[in-house]
1. How about the stretch 147-244: which trypsin sites (Lys or Arg not before Pro) there are in a DSSP loop, with at most 11 other Cβ atoms within 10 Å of their Cβ?
2. Report, in deg cm²/dmol and to the nearest 500, the calculated mean residue ellipticity at 222 nm for the chain, where each DSSP H run with n ≥ 4 adds -39500 (n - 2.57) and the sum is divided by the residue count.
3. Taking a cut-off of 13 Å between Cα atoms, list the aspartates and glutamates near LYS252, but don't count ones fewer than 8 places away on the same chain.
4. Mind listing the long-range amide H neighbours of VAL128? Cut-off is under 5 Å, sequence gap 5 or more, other chains count too, H placed in the peptide plane at 1.01 Å from N.
5. Could you list VAL226, VAL270 so that the one with the fewest beta carbons within 10 Å of its beta carbon is first and the one with the most is last?
6. How do MET113, MET271 line up, fewest other C-beta atoms within 10 Å first?
7. Using θ = phi - 60° and the Karplus curve 6.51 cos²θ - 1.76 cosθ + 1.60, what whole-Hz ³J(HN,Hα) does each residue of the stretch 123-140 get, with Gly and Pro shown as x?
8. So for each of 117-127, 53-63, 161-171 I average, over its residues, the number of other beta carbons within 10 Å; can you give me the resulting order with the highest mean first?
Amino acid sequence: MSSVQTIEVHTAPAYEVAIGAGVLKTCGARLKSVLGDCRIAVVTDSNVALRYLDAVCESLRSAGFSVCSHVFPAGELNKNFTTLSGILEFLAAAQLTRTDCVAALGGGVTGDMAGFAAAVYLRGIRYVQLPTTLLSAVDSSVGGKTAIDLAAGKNLAGAFLQPAAVLCDTDCLKSLPAAVFADGAAEAIKTGVLSGEALFSLFENGTLTDAPAEIIARCIRCKAGVVERDEKERGERRLLNLGHTIGHAIEKCSGYAVPHGHAVAAGLAVMARASERLGWAEPGVSARIAACLEKNGLPTGTDYPAEALARAALADKKRSGESITIVVPRRIGGSELKRVPVTELLPIITAGLEV
Ligand code: GLY
């Protein structure tokens with residue numbers, strides 16, 4: 001039997017992340033001790049439903065849970081009010097009460113949106129994250145950020161609500177298309193850049209498929225530490241947005257045709273180049289980051305002009321009045337927050353786009 005690693009996230013309340021092969025098939029028994037007797041509404045998308053919904057519902061039922069499920073159409077374009085409203089109406093029609101629970105089964109879109117539904121339904125009920133992509137495993141399933149996109153930009157409506165538990169089944173990674181796996185690699189490499197040489201060198205010298213459970217565990221430990229110190233993103237947690245200001249701008253410019261991880265990869269590479277050109281980063285850092293992204297099938301640039309990216313980025317949450325906070329990588333294991341006037345964003349992006 002394969003081993004399952006657990007990581008405790010010390011937020012209020014605390015919760016456990018379990019990582020290992022086959023944990024979805026045993027999710028019912030695993031969740032029983034956390035949730036007690038309750039109804040569980042499994043929320044998932046049309047792709048993930050085909051592969052995992054039956055097995056998850058069966059495991060939950062055999063552990064004694066009363067189970068219902070809601071499937072929404074897959075894709076970032078559906079991470080909106082219409083889909084959220086569909087989930088909320090479903091929870092109400094299924095008569096979920098305050099002691100019941102939502103299970104977000106899927107990738108980042110599902111986790112963010114089902115989590116947001118749990119945060120606002122009856123002013124907040126519990127939810128658990130059952131991530132099925134590398135991106136949701138290494139990043140979005142942990143930390144309690146929930147959201148939907150608005151026409152003005154990505155994740156502009158949301159709430160902080162920590163999950164009651166996270167079950168991360170590494171078997172799910174085996175069936176991911178290469179591009180979807182690469183999306184998660186982008187967030188893992190970002191974590192490596194923030195965390196330091198020990199984690200980054202694993203990506204630089206090896207591949208993410210070598211020991212996925214170990215990589216996921218290391219990324220989650222790093223993220224959990226940040227979230228425990230700054231749950232509501234008032235300071236240090238903003239560092240986790242490395243690559244995201246330009247990444248979100250790329251997603252928005254593309255009408256969400258560029259997937260999140262690919263956009264973050266390009267945003268990270270552009271920000272690293274800008275940082276080095278402007279004298280903020282150690283020489284060589286941007287080349288190391290770009291090489292690592294390329295090795296994982298990720299882009300290191302974008303064809304969108306700097307003006308369009310700057311315009312899109314200024315609608316982002318990171319703007320505050322006439323300034324915007326960007327995350328500047330200085331070295332591997334050393335990034336910092338820089339508050340710059342909004343007028344400086346365009347020259348920064350321009351510097352990063354020059355190859
Ligand atoms: N994905 C960045 C964060 O959770 O803060």
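1. Working: sites: LYS154, LYS174, LYS190, ARG218, ARG221, LYS223, ARG229, LYS232, ARG234, ARG237, ARG238; in loops: LYS232, ARG234.
Counting only loop positions with at most 11 other Cβ atoms within 10 Å, the trypsin sites (Lys or Arg not before Pro) in the stretch 147-244 are LYS232, ARG234.
2. Details: 12 runs with 145 residues, N = 355.
Rounded to the nearest 500, it is -12500 deg cm²/dmol.
3. Of all the aspartates and glutamates, those that pass the test against LYS252 - Cα under 13 Å, at least 8 places apart if same chain - are GLU76, ASP149, ASP316.
4. Placed amide hydrogens put VAL102, ALA103, ALA104, ALA164 under 5 Å from VAL128.
5. On the way: VAL226 20, VAL270 32.
With the fewest neighbours first, VAL226, VAL270 line up as VAL226, VAL270.
6. Details: MET113 27, MET271 30.
With the sparsest Cβ surroundings first, the list reads MET113, MET271.
7. Values, residue by residue: 6, x, 10, 6, 9, 10, 9, 10, x, 10, 10, 5, 4, 6, 5, 7, 9, 6 Hz.
8. On the way: 117-127: 19.6, 53-63: 17.0, 161-171: 23.4.
Per-residue mean Cβ counts within 10 Å order the peptides as 161-171, 117-127, 53-63.
None of the figures in this text is laboratory data; all of them are computed from the coordinates on show. The structure presented is a predicted model; accordingly, all values stated were derived computationally and were not measured. We place every Cβ from the backbone using ideal geometry, glycine too, and count neighbours over all the protein chains shown.
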